[in-house]
Structures are given as structure tokens and as C-alpha cells.
């Protein structure tokens, strides 16, 4: 890079390439698949009024201190992924190779990258798209409205605006150049249609011969860096039989975008919780990670003590079936996704759902682990201790402190720490600290 304002060229590319390399080295990690979660975290940060741009003028070391890792690393990675999907993997790779070859052993600017991608872009003007995402902050949102008229090819009317949370002013004149790809019901298969939305409004015709689809998902495989505006009617269509047709990333997108609409004030919390009840048969750890995270946030900010029993019952209905199928017993050689799925659903059932059987089992596992940490799987113990600690007493707290101080492995400390911060009784931890000096120097 020629100057620090283009540091994202290093960091964004490193993140994008790192995911690809890890995915090829260990396909079971599903790193590229799960990058949609990184994108979602970046969007949450990017929606803040103070969120910086990807490219920011740097005139002093103070400017460097204003960098935001979620923007520099994760948003940059997501934008590069969007361009790669838009151009096609092969064309994007050729453009990057030209860029590297032309500037090897030299310094570059963002315009050098844009120029190389324009050379392979088939006249799509990659530079204006990249600039609209790197030179301004914020998250675009896209509303897709299906238009079906007798005797005419179905079309999708598109509208873009800046996504804003409910605490921010509603007006914004920002416009992005957005590669928009749609997935839609095309009978026995899924159809696809793409366009570049360059103004506040636009439209796209579905391929000739298309019938009026029963549903449209306006961000195919969640490849684009934008929110989808979803209302109750949209969610009814997408959470019915469509769920079996959507990709794993798209199913993640349904819940992630619906949750974002709650935060923008465009969707009621009740409607969102009703949506989650339709995911009982979902088996993706990616999707469940967002469901559980959102339920934890609901519990934290929206549930009063009077409403807690009703909320707990709702959580039990949503996560109970899957959590019980996952169970507490690990299986030799099971995929990492299954391990994460067990942890997230059991946590939700015990902590948020206040399920008596789950809490009782968590207490039994906690006691067994405290007696012999090496005899219990660390992932299972971590969840059990977090659940047991919620209503734990001073005796359990002190035993966890003692176990932490005597720990000889990172796994043991990794169980103790989340457990110690999970006690509801603030008196137990008041004035207490565990300094680094209490951690054994030899592990």
C-alpha cells in the first residue's frame, strides 16, 4: 500500500484469503460458510453513527487509533467476497493475479485494485461499486417487491436506503452501487437473477419463461453486503416450505435480517419470536448460533421479571427438541458443528429456558467436573458450569475460584472463567478479582 488509508488492502485481503486457505486445508471447519457471521457482526458495527469508512484519511497516529477491526478486517472481507461472487470466482482470481503481477515489489492504492478488476469485469464498472462501499460508511438495505402481471414476465422492484437502528434519525441520502442477486422459487429448482442497483430504485426482470415465484430471497446465498428489508408477510413466505429450499447461509440471513429489522423498529419483537418457532427442525450450528445469540439479547434487554416465565416457556419450545436430541454426551470424532450446536442449544435450554431437567443434569456434570476435571469433556463442562452457576451459592463460587487457581491446563481455566461470571448473585463477586499472579506459570 502507498499509504495507511489503504491498510484495508492488506488486512481485508489477508482475512479473505485466510478463510479460503483454511477451508481448503480443513473443509470440516466451514470457515468460508461461517464468514457470513463475520459479515453480520461487521454490519452491526457499521450501522452505528460513529462507524468509520473502510478508507479513511490518515494524517497522524491518532487517525490510526480510530481504526475499527470489524470494519477494516470483516467488512473489507465481505465486500471483496461480494465482488468475487458478482464477477465470478475465476474472473475475480484473474483480476487479482493481474493486480499482483503488475505491482509486485511495489506500493499500491485502492485504485490499482479497482483498475485490475475492471479489466476482467466485462464492462461492469467494478470501481464505482467498490468506491461506494469503501468511501462511505454505513450499511445499505434493499427492499424487494415481487410484481406479477398477467401476460408479462415477473419482475422485482428494488429500493435501497441506508439501514438505521431505531435510535438514529430516519433520513439519509446515501446511495450505493450494489450488486444484487436474487434467489427465487422456479419450480423444481431454484432460480437466480442479478443486477446492479445504482439508484434509490430499480427493477429486474426474471428470466424469460419464469412463472410468478412463491417466494424471493433478495440476497442469494447471503453473498452481498446489504440488509434485506423483511416484513411479516415476507417472513411467512420464507419460513414455510421455502426453508427447505434456501441454502444454509440464506436461512442464517432470514433470522439475521429479521433481527436487524427488530432493531430498526420495522418488525415487532413478537413477530420475530414467532419466526424462531418455525426453526425447530433446523440443524445448522450457523443458524442456531444467531438464534441463541438473539434470544440472549432479548433476555437481557426486553424481558421483565414478570415476563420471564412466559419467555422461558417460549425458549423451551424453540430449542428444547434439538437440545434434547443433541444431549450431553459427546461422540468420538463428531464434527465441530455438532459440538457447537450442543453447546448453544443446551445453554439456551438451561439458562434462558430454565428447564428443570437440564439444570439438574448441569449441576451433576459440574460436580463431577469439579471432582475430576480431566474426566469430563471441556466443552460439555463449560456449558454445564455456566448453567449451574446462575443459581449457584457461595460454596460453588469458592470452589470454582480454587479450581481456577490450581488449574494446570487452559481447558480448566476456560471452564472456570465463564462460570465465574455467570452467577446471578452480585454479592458473590463483589470486590473480588483473580489476578494473573494466581495463574500457575507452568501448564
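The values are calculated or read from the model by the stated rules, or taken from the named source; none is laboratory data. Here the structure is a predicted model, which means the values were calculated and not measured. Here Cβ is always computed from backbone atoms with ideal geometry, including for glycine, and neighbour counts include all displayed protein chains.
Numbers at a glance
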item: Selection within segment 242-283 - in a helix (DSSP H, G or I), over 20 Å from the mean Cα position of the chain (by Cα) and touching a residue at least 12 places away in the same chain (Cβ under 8 Å); result: 242, 271
item: Out of 370, 346, 352, sole residue that is under 13 Å from residue 422 (Cβ atoms) and either buried (at least 16 other Cβ atoms within 10 Å of the Cβ) or not assigned by TED's automatic domain parsing to the domain that holds residue 419 (or both); result: 352
item: Qualifying residues in segment 85-112 (those that are buried (at least 20 other Cβ atoms within 10 Å of the Cβ) and closer than 24 Å to residue 222 by Cα) - the one farthest from the chain's Cα centre (by Cα); result: 95
item: Number of the exception - residue 137 against (1) buried (at least 20 other Cβ atoms within 10 Å of the Cβ); (2) in a loop (DSSP other than H, G, I, E, B); (3) without any contact (Cβ under 8 Å) to a residue 60 or more places away in the chain; result: (3)
item: Residue in segment 98-110 that is modelled with pLDDT of 90 or more and assigned to a helix (DSSP H, G or I) present; result: yes
item: Residue that is touching a strand residue (DSSP E or B) at 6+ places or on another chain (Cβ under 6 Å) and over 27 Å from residue 262 (Cβ atoms), where the choices are 191, 187, 121, 151; result: 191
item: Residue list for segment 227-254, filter: surrounded by fewer than 24 Cβ atoms within 10 Å (Cβ to Cβ) and farther than 20 Å from residue 190 by Cα; result: 229, 231, 232, 233
item: Test result for residue 299, surrounded by 13 or more Cβ atoms within 10 Å (Cβ to Cβ) and without any contact (Cβ under 8 Å) to a residue 24 or more places away in the chain; result: no
